[in-house]
Amino acid sequence: MSTEKAINILLVDDRKEDLLSMQVILANSNYAFHKAASGREALRLLLKERDFAIILMDVEMPQLNGYETTALIRESEQLKHIPIIFLTANNDKPNHIFEGYQVGAVDYMIKPVLPEILRAKVAVFAELYKKTKELQIQKDELELRTEELIRSNRELEKFAYVASHDMQEPLRTIISYIELIEKKLIQVPANEGEEMDEDLQKYMNFVVDAGYRMRELISGLLEYSQVDRDIKPQGPINCENVLNEVVENLKYSIEDNKATIQYDSLPQINANYMRMVQLFQNLISNSIKFKRDIPPIINISCRKKENNYLFSIEDNGIGINPEYGEKIFELFKRLHPVGEYIGAGIGLAICKKIVERYNGKIWVESTPGKGSTFYFTIPKE
Ligand code: ADP
């Protein structure tokens, strides 16, 4: 990651012997020295090469002195961050020091300089420059990668949307015609008085089931790809209202399964109402679906943490093998054969997407055979 290029140091002094002695003191294979015999020459050099780790600037120079040169350097956006050390023989005018700091110097040394001190100071700035460069490179790489990821993610989502949306139409036709063919076959058996061929009936059932399943998968995928559409927080929304709506939506399933849904007081959060209904509804309907042979009892609560709200949805269902605790949040991931529980394996992937869009986290803790608790966080801000 480190740049092996030598570190540029600019020496500015009108006295040739001083330029040379600085170079000798600082001699180091990692440094590349650029020398200027006047303020003007320094500015000219800086027009060509901007990448300096440090400038050592003599104060007393004819025409443009060190301070004036520095003031001009500080006016340039690209150059104003370069650290400058002033070197002066003038130790009898304390005002000079103050003047130096005002134009943006970072340090000040009185000539003749002590070689060890000069070396140490320059080494500190060289190191600082190297570290800043490395950080900048890492930051650039990270930004590039993030951009790439965002773009490819957007493309994937667009693809999923277009594919699932466009597949719905032909699939609808296939399913309708299969249903029609099935009816006809039942109405008009091959031979008068005979039942419809048993194999044919079986094949028909497979095709119809596969069609329905495909429809379910496609509509799930469409739903997944559309999460980002209405994700913007709408200001504070009341989670108790969200839960009331979910309970209303799941009314029949709750009745049929004799489920109990309990929740104490829940906070107001900054999120999108519809997405929160979707999130809670997916989790609660799973808790009902994956029940044991006892009535489901589902507890929803929320704890206020320092920076976020921690929600939990606890059930007394079949539980999840911890080995699959993370896998279940992946798209289409299911732990049971198709016939055993209905579902497309998209619900939790949608939950994860919603929570992550709000910069939260979602996970599950479970004891197989006893029950599961799904947790998710939503940041307060
Ligand atoms: P689906 O419910 O459509 O199968 P999900 O993405 O909602 O898809 O869930 C993925 C899988 O995680 C489920 O198939 C099931 O195996 C498991 N699962 C989810 N919720 C629970 C739960 N509350 N209890 C036990 N298993 C669960």
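The values are calculated or read from the model by the stated rules, or taken from the named source; none is laboratory data. Keep in mind that what you see is a predicted model, and the values were worked out from it rather than measured. Neighbour counts run over all protein chains shown; Cβ positions are idealised from the backbone, glycine included. Ligands, DNA and RNA are excluded from the accessible area calculation, which covers all protein heavy atoms including side chains. Shrake-Rupley method; radii C 1.70, N 1.55, O 1.52, S 1.80 Å.
Database remark: amide H of residue 61 closer than 5 angstrom to the amide H of 66 (H placed geometrically; neighbours at sequence offset of 5 or more, or on other chains; Pro and chain starts carry no H). Per residue, the chain exposes 60 Å² of accessible surface when a 1.4 Å probe is rolled over the protein heavy atoms with every protein chain present.
Longest stretch of the chain clear of exposed loop sites (chymotrypsin sites (Phe, Trp or Tyr not before Pro), DSSP loop, at most 15 other Cβ atoms within 10 Å, sites excluded): 1-331. For residue 124, the accessible surface of its heavy atoms amounts to roughly 90 Å² (probe 1.4 Å, protein chains only, rounded to the nearest 10). Specify whether the C-alpha gyration tensor of the range 304-381 places it in the rounded, prolate or oblate class, a ≥ b ≥ c being the square roots of the eigenvalues: rounded for a/c under 1.5, otherwise prolate if a/b is larger than b/c and oblate if not. Oblate, because a/c is 1.5 or more while a/b does not exceed b/c.
Quotient of the Cα radius of gyration of the range 240-381 and 2.2 N^0.38 Å, N being its number of residues: 0.99.
Of the trypsin sites (Lys or Arg not before Pro) in the range 17-53, the ones in a loop by DSSP (not H, G, I, E or B) with at most 14 other beta carbons within 10 Å are 50.
Give me the percent of the accessible area of the chain that comes from carbon and sulfur atoms, probe 1.4 Å, all protein chains in place.
Values: 12190 of 22820 Å².
Roughly 53 percent of what the probe reaches on the chain is carbon or sulfur.
Only helices enter this figure: runs of n ≥ 4 DSSP H residues, each worth -39500 (n - 2.57), summed and divided by the residues of the chain, yield -16500 deg cm²/dmol at 222 nm to the nearest 500. With R₀ fixed at 51 Å, the C-beta to C-beta distance from residue 253 to residue 147 puts the FRET efficiency at about 0.70.
Placing R0 at 22 angstrom, the Cβ-Cβ distance between residue 114 and residue 29 gives a FRET efficiency of 0.45 after rounding to 0.05.
The count of lysine pairs in the range 282-381 whose Cα atoms are under 17 Å apart, excluding pairs fewer than 8 places apart on the same chain, comes to 15. Taking a ≥ b ≥ c as the square roots of the eigenvalues of the Cα gyration tensor, the range 317-357 is oblate, since a/c reaches 1.5 or more and a/b is not larger than b/c. Globularity index of the chain is 1.71 (Cα radius of gyration / 2.2 N^0.38 Å, N = number of residues). Charges were assigned to the Cβ only: +1 to each Lys and Arg, -1 to each Asp and Glu. The resulting dipole of the chain about its Cα centre is roughly 1020 debye.
Report Rg(Cα)/(2.2 N^0.38 Å) for the range 109-153, keeping two decimals. Walk me through the numbers before you get to the answer.
Details: Rg = 18.9 Å, N = 45, 2.2 N^0.38 = 9.3 Å.
Normalised Rg, Cα atoms only: 2.02.
Label sites at residue 68 and residue 185, each approximated as a point 7 angstrom past Cα along Cα to Cβ, lie 9.9 nm apart.
Summarising the label geometry, the points placed 7 Å from Cα in the beta-carbon direction at residue 40 and residue 370 lie 8.6 nm from one another. For the pair the range 18-96 / the range 105-175, the C-alpha centres are spaced 32 Å from each other.
If you plug the beta carbon distance of residue 230 and residue 130 into 1/(1 + (r/R0)^6) with R0 = 41 Å, you get a FRET efficiency near 0.30.
Starting from 0.36 nm per residue, how many nanometres of slack lie between residue 312 and residue 81 once their C-alpha separation is accounted for? Mind dumping the intermediate values first?
Working: separation 231, 0.36 × 231 = 83.16 nm, distance 5.01 nm.
Difference between extended and current length: 78.1 nm.
The alpha-carbon positions of the range 149-228 define a convex hull whose volume is 77 Å³ per residue.
For the range 158-317, count all C-alpha to C-alpha pairs, find those more than 27 Å apart, and express that count as a whole percent of the total. Walk me through the numbers on the way to the answer.
Details: 6321 of 12720 pairs.
More than 27 Å apart: 50 percent of the Cα pairs in the range 158-317.
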